[in-house]
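Please treat every number below as a calculation from the coordinates, not as lab data. No experiment lies behind these values; they were computed from the predicted model shown. Every residue, glycine among them, receives a Cβ derived from its backbone with ideal geometry; neighbour counts consider all protein chains shown.
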Amino acid sequence: AAGTAPIGIDDIELATSHHVVRLDDFAEANGTDPNKFRLGLGQDEFSFPAPDEDVVTMAAAAAAPIIQRSGTEGIRTLLFATESGTDQSKAAGMAVHSLLDLPSQMRVVEVKEACYSATAALQAAVGIVTRSPGQRVLVIASDVARYELDTPGEPTQGAGAVAMLVSADPKLLEIEPVSGLNSADVDDFWRPNDSTTAIVDGALSVTAYLDALTGAWSDLAAQGGPAIAEIDRVLYHQPFTKMAKKAQVHLAGLTGEDLDTEIVAGADAGSAGAGTAAANSAAASGPAAAAGADNSVATGPRDTGLATSTLYNRRLGNSYTASLYAGLCSLLDHDEDLAGKRIGLFSYGSGSVGEFFTARVVPGYEQHSHRLTVIEALDARVPLSIDAYRALHAAELSSAEDVTTPKVTAGPFRFAGIKGRARHYERA
Ligand code: HMG
């Protein structure tokens, strides 16, 4: 009956772009110490879209395997969360609806509040399924993070999409009803309608994020949510993975709990070669390697999955709305000891909204790991030289001219071009 069955994430998929920019190349071109990115920001690479990719093609690529596995029965809602949408009026989800041949008997909408909106979409989906337990809701978070060239935000760019199917009796994660909320009107990061890149006050954005964490955490307690000792793993929005570390240190301060603060796998943490190779080997050899030295020490900080949940994001860069959920994918794909465990998730969107909510991992979740597929997709990205990347970054399409985009992406869907001021998509 309505209201009694657990509701949450039944299936999840991550997709990214065709290209990658390696921060070692970026550092060399800029005459910067590569450790500023690897250690200072906790980033190794960032995904960058080909000219025939955008939030729609990544979103469709993420959602397609979910639809293939479970069909469309009961799916009557598609919620598309993004802050890098392609139109001021038409929801980007309409193109996904068409590319995936979803049924006409659906509502399709776009949801916006910077990086936070995927969480609003997820909560709305839970509400819909609570009302109608036979329905399922497709939630897609997809973004291309872009800052001006030669600004501090540039190395934190990225691109990615996470698609989630929300249903009753989910196979992966049961979302718990209590959550902590915090909204505050702040100009830390925004993108005016006439700008293709975000404007950011970096230092303010970091404090606004941490203030939102404080507010959401205290509201969680006020709402009767679990204490820190009752939360086994913690996931954060990851604009760059060092931010998750800052948030974890902050939460440890708020709660007085001794929490893990390493974002790079054990022995590799301080070495110049840390990063892609380290993350790959950690990813390939599972949770023990990912959690590094912390696991082998009997006493010491509690392992809440900080290193394990940042493996994908180190390589994706910021994927805005998708970032927290890419962290969830990384955790589910690499931590084999999650059955029945409670995860705390902190979602942040500049401007700003923070939400801290919790979920229980469903036993058997590990049978649905997509680790190999994700790592293959990350490895398969085609590196851009810094000159080629800068040229692509500067290229802007005007909707005023008809264009046919060159075929570049190896992904399943492509942005075919503009005709009569409308964007067109096709299967690649
Ligand atoms: P920056 O210029 O790189 O800052 O900008 P920095 O010079 O302070 O360096 C960063 C860190 O690298 C420092 O460590 C340095 O010590 C370290 P920290 O003090 O942070 O621990 N460092 C080194 N470490 C090792 N070896 C070295 C080395 N050199 C320096 N050689 C900033 C950083 C975050 C401001 C910039 O990247 C930025 O503007 N990013 C974009 C905004 C952002 O991501 N903000 C995060 C919070 S807001 C948010 O999450 C929302 C968002 O996702 C958008 C949305 O909601 O839609 C952004």
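Residue by residue, here is whether (1) surrounded by fewer than 16 Cβ atoms within 10 Å (Cβ to Cβ); (2) under 18 Å from the mean Cα position of the chain (by Cα); (3) among the acidic types (Asp, Glu); (4) within 16 Å of the ligand (Cβ to nearest atom) holds:
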| position | (1), (2), (3), (4) |
| --- | --- |
| His334 | no, yes, no, no |
| Leu345 | no, yes, no, yes |
| Gly354 | no, yes, no, yes |
| Phe357 | no, yes, no, no |
| Arg414 | no, no, no, no |
| Glu426 | yes, no, yes, no |
Selection from the stretch 36-88 of residues in contact (Cβ under 8 Å) with a residue 40 or more places away in the chain and among the hydroxyl-bearing types (Ser, Thr, Tyr) yields Ser47, Thr57, Ser70, Thr77, Thr82, Ser84, Thr86
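Among the strands (runs of 3 or more DSSP E) lying completely within the stretch 15-121, list those that include at least 2 residues that are under 19 Å from the mean Cα position of the chain (by Cα), within 16 Å of the ligand (Cβ to nearest atom) and over 13 Å from Ile140 (Cβ atoms).
Details: elements: 19-22, 45-48, 75-81, 107-111.
In the stretch 15-121, the matching strands (runs of 3 or more DSSP E) lie at 45-48.
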Scan the stretch 1-21 for residues that are touching a Pro at 6+ places or on another chain (Cβ under 6 Å) and of a type in the set (D, E, K, R) and jot them down.
Asp10, Glu13
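Which residue out of Thr151, Thr196, Thr130 is more than 18 Å from the chain's Cα centre (by Cα) and part of a helix (DSSP H, G or I)? Break it down stepwise before answering.
On the way: Thr151 fails: part of a helix (DSSP H, G or I); Thr196 fails: part of a helix (DSSP H, G or I).
Just one listed residue meets the conditions, Thr130.
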Would you mention how many residues in the stretch 369-404 are under 18 Å from the mean Cα position of the chain (by Cα), part of a helix (DSSP H, G or I) and of a type in the set (Gly, Ala, Ser)?
1
Taking the stated definitions as given, is Thr321 closer than 20 Å to Ala120 by Cα and more than 16 Å from the ligand (Cβ to nearest atom)?
no
Would you be able to tell me the number of residues in the stretch 370-386 that are of a type outside the set (A, V, I, L, M, F, W, C) and either touching a Leu at 6+ places or on another chain (Cβ under 7 Å) or surrounded by 15 or more Cβ atoms within 10 Å (Cβ to Cβ) (or both)?
3
Hey, among the residues in the stretch 168-193 that are aliphatic (A, V, I, L, M) and part of a strand (DSSP E or B), which one's farthest from the ligand (Cβ to nearest atom)?
Ala168
Can you work out which of the residues in the stretch 1-29 that are among the polar types (S, T, N, Q) and in contact (Cβ under 8 Å) with a residue 12 or more places away in the chain is farthest from Arg314 (Cα to Cα)?
Ser17
